[in-house]
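Student: This is the structure I want to talk about, given as structure tokens.
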Amino acid sequence: MARADSWLADGWLWDQITIGDQPPSRTACAANPSSSSSAPPSTEDCITLLRPVPATCSYYSASHTSAVVVVVVVVAFVMFVSDASCLKSHDYDCFYASVFENEDPTLRTRPLAVQQKQIVVTCNYEARRRGLYKLQLIKDAKRLCPDVVIVLGEDLTRFRNASKELYMLLRSFSWNQKVERLGFDEVFMDVTDIVDYNLALLNPHDLSNSFFCLEKDDPTVGFAFDASRPAGCTFPEGTANTSVLVPPLDELRLRLHLGSHLAQHLREALRLQKGYTCTAGVSTNKLLSKLVGTVHKPDAQTTLLPPYGDTGDGIDNVTSLMDHFEVGKVPGIGCKITQKIRDFLQQKQLQENESSLDSSAEPQPLLVGTVRNHPSINIEALTQLLSGPGTRHDTPTRVWQFLNGCDTTEVGGARDVPRQISIEDTFGRLDTEQDVIRELKKLAQSLVRRMHTDLVASDEDPIPEDTVEPDGPSRRRWLAFPKTIRLSTSLRLPRKPNAPRSFSARSSRSAPLPGWVFSTKESVNAVADRLVTEVLLQLFRKLHPGKKGWDLSLMNVAVTNMNDAASEKGGPGRDIGDMFRTQDEVLRQWSVNDGPEAGDGDVRYGGDDDDGVGDGMRIEAGTEQRPNEPAVQDTADVDVDVWESEDEDMFDDENFRCEQCAAIMPLYARLPHERWHMAL
DNA sequence: AAGCGTAAG
DNA sequence: GATTCTTACGCTT
């Protein structure tokens, strides 16, 4: 709570508005923008809320050292974006093309299109100049540009790898680790702390000869720069009045200058070390930095200059930036909301102006400014419009704030593992169980492979710390354990030519993810096959009880509900006990041959002939039943990766948890177990 | 937890 | 028009 508020309050300095002549209602509104749905702020409150910062106030003066302005650097990796040709920029698509160009630089000068199925998902600058565009049919592209180089991009591995590499480079510059990925090709960085630190380092009398320190511990690491001017482009354009040499120093401006120089340094690093050019935006929140970053597109950066808020002179760079964007371009406002607003305004216009002659349903762009300034748009109207079952309760407020350039969302912390992994494929026709099984196996293989690449830490680097591994050449351990697996399918669209927007038409079923997928013993293919026959097929039959003839167009397999072991406090392994205790579903699948003396009885997987997954919930609570110790042997034909569902004391002196497969076993089993792993 | 919807690139 | 292949998150039950 305090954090979200301080983001708003510090970023926009609402809490200090009361210094001026503002009514207290704004402070109330600002202090609690969205935390309670009880009383949405009135329109008036929010209008004033969003531009109440007179430049003459001392909000940004050096005396307010407690004020924290968040500078967010949005980096979109973009290469060879079309210049100001009529098409919109497609950072994402260009990223795919950039990856290929980086692999083979000779492609840079040729028209390059990345193909998925029958369409061009992306193409480079050269291709665009010849009329190619995103989501174009391959045959159209070939017709338009016969010499186009077409590369297949259905396998996203290379993009994922490149994305991670670039992300890691950016992350290495961060101090607070607020580095949030958006898609493969965008990164938000909250560099407030670095900016703060360097702000304090500045010599106000000689800003032009400043040094930007990149490491707290080492004052020699950094670069020289001119703090009196921003680096790169600005919004609004023109550097005439961007100088900040005259006291009293404009603190916000100075911070933004610092952010812009840091952004330039980061872009330089990306270019020199990785060979990627990119686009960046610098401002005080995610929304503004992202939007301002689009102003100058390929290989450029833009900083949103102050003043941020109504100066009384009508000069407000936030508003003037926001107002020329289309509503649908504002991040957070998608096609649904846009359409609702459009319909609303259209209806209003019809009501008021019966005989208006615009019977032509012109798709003229719906600009932020026209919506925000429209007399019938206010919080109440938006609440009416955008509320309903299934909608977020704070959507109206958020939309209104977005339209005003206000964004209180925090930059997310850096993550080592994703929250979910999914693989999907589309099909022209998928009708028989045979085909379904075949495709499911392909999907499952990719999924398991991805789990291994994304969820296991291979070598030492991240946080081995106190792990006292003996010497094993393979020092692999799982960073996260997804708890559920989900199968989604969608049928071919039932031909609705005039429907405005058919819903996703996806349906899904999920089940607990069996623990044995974390075993490194079986091959990827073996695990994948087992997943299909023992889990996915059951899910599929739940979705499609019939025998054939479903006409599926898509299948998606996902693992979700990760228990992020790595980011938990206390180091790796700390919460694994918790995890396995809550993973009873998995344990239930183990049929244990527990005779009277079940001490080290056989362990085998129960589910070969019946659906051990779907309805395997027949463990009797309270009977103190628990799986046995794994039957640890020195041979490779026994399942070892069974774990206790007991308390923390399973980590006591008598037990050992394998870092590789997370199996819990008695200490004496450790050496044979490890030998067994290495033999794989 | 399961299933759906929206939004993002 | 929609087309691809994801990832994240909120709401409802």
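Here, each number is a calculation from the coordinates, and none is a lab measurement. Since this is a predicted model, take the numbers as computed values, not measurements. Here the Cβ positions follow ideal geometry from the backbone for every residue, glycine too, while neighbour counts run over all protein chains shown.
Student: First select every other residue whose beta carbon is under 11 angstrom from the beta carbon of A:Ser508; then total the charges, Lys and Arg +1, Asp and Glu -1.
Tutor: That sum, taken over residues with Cβ under 11 Å, equals +4.
Student: Which of the GluC sites (Glu not before Pro) found in the range A:124-168 are in a DSSP loop and have at most 13 neighbouring Cβ atoms, other than their own, within 10 Å?
Tutor: Loop-located and lightly packed - A:Glu154.
Student: Related question: Report ³J(HN,Hα) in whole Hz for each residue of the range A:514-521, in order, from the Karplus equation J = 6.51 cos²θ - 1.76 cosθ + 1.60 where θ = phi - 60°; Gly and Pro get x.
Tutor: So the J values, rounded to whole Hz, are x, x, 5, 5, 8, 6, 9, 6.
Student: Can you give the net charge of the other residues whose Cβ lies under 10 Å from the Cβ of A:Phe100, counting K and R as +1 and D and E as -1? The partial results should precede the final answer.
Tutor: On the way: positive: A:Arg108, A:Arg158; negative: A:Glu101, A:Glu103, A:Asp104.
My count for the surroundings of A:Phe100 gives -1.
Student: Working out 0.36 nm times the residue gap between A:Ser387 and A:Arg475, then minus their Cα-Cα distance, what length gain in nm do you get to one decimal?
Tutor: 26.6 nm
Student: Kindly state, to the nearest 0.05, the FRET efficiency for A:Arg143 paired with A:Glu103, given R0 = 25 Å and r defined as their beta-carbon distance.
Tutor: It comes out at approximately 0.40.
Student: Let me ask something additional. In Å and whole numbers, how far do the C-alpha atoms of the range A:160-305 stretch along each principal axis, longest first?
Tutor: 48, 36, 24
Student: Sticking with this one: Where in the range A:315-354 does the label zone of A:Ser376 land, with the point 7 angstrom along Cα→C-beta and an amide N cut-off under 19 Å?
Tutor: A:327, A:337-354
Student: Distance between the C-alpha centers of the range A:323-356 and the range A:123-173? Whole Å please.
Tutor: 33 Å
Student: Using modelled amide H (1.01 Å from N, peptide plane; none on Pro or chain starts), what sits under 5 Å from the amide H of A:Leu554, excluding residues fewer than 5 places away?
Tutor: A:Phe427, A:Ser490
Student: How much net charge surrounds A:Glu268 when only the other residues with a Cβ under 13 Å from the Cβ of A:Glu268 are counted, with Lys and Arg +1 and Asp and Glu -1?
Tutor: +2
Student: Additional query: What length, rounded to one decimal in nm, is gained on full extension from A:Asp551 through to A:Asp425, with 0.36 nm per residue of separation minus their alpha-carbon distance?
Tutor: Details: separation 126, 0.36 × 126 = 45.36 nm, distance 1.39 nm.
Full extension of this stretch gives 44.0 nm more.
Student: A:Glu433 to A:Leu135: extension gain in nm, 0.36 nm per residue of separation minus the Cα-Cα distance?
Tutor: Full extension of this stretch gives 104.2 nm more.
Student: Ordered by residue, what ³J(HN,Hα) values in Hz, to whole numbers, does the range A:393-404 give under the Karplus form 6.51 cos²θ - 1.76 cosθ + 1.60, where θ = phi - 60° and Gly and Pro are x?
Tutor: These are the phi-based 3J(HN,Hα) values: 5, 9, 4, x, 4, 4, 4, 4, 5, 4, 4, 9 Hz.
Student: Among A:Lys139/A:Lys297; A:Lys442/A:Lys521; A:Lys142/A:Lys164; A:Lys139/A:Lys336, which pairs are too far apart, with a Cα-Cα distance over 22 Å?
Tutor: Check vs 22 Å cut-off fails for A:Lys139/A:Lys297; A:Lys142/A:Lys164; A:Lys139/A:Lys336.
Student: Amide H to amide H under 5 Å from A:Met562: which residues, 5+ apart in sequence or cross-chain, H placed 1.01 Å off N in plane?
Tutor: A:Lys483
Student: List the residues whose amide H sits under 5 Å from the amide H of A:Phe211, counting only those 5 or more places along or on another chain, with H placed 1.01 Å from N in the peptide plane.
Tutor: Counting only residues 5 or more places away or on other chains, the set is A:Phe225.
Student: Can I ask one more? With r as the distance between the Cβ atoms of A:Asn161 and A:Ser507 and R0 = 41 Å, compute the FRET efficiency 1/(1 + (r/R0)^6) and round to 0.05.
Tutor: Plugging the Cβ-Cβ distance into 1/(1 + (r/R0)^6) gives 0.80.
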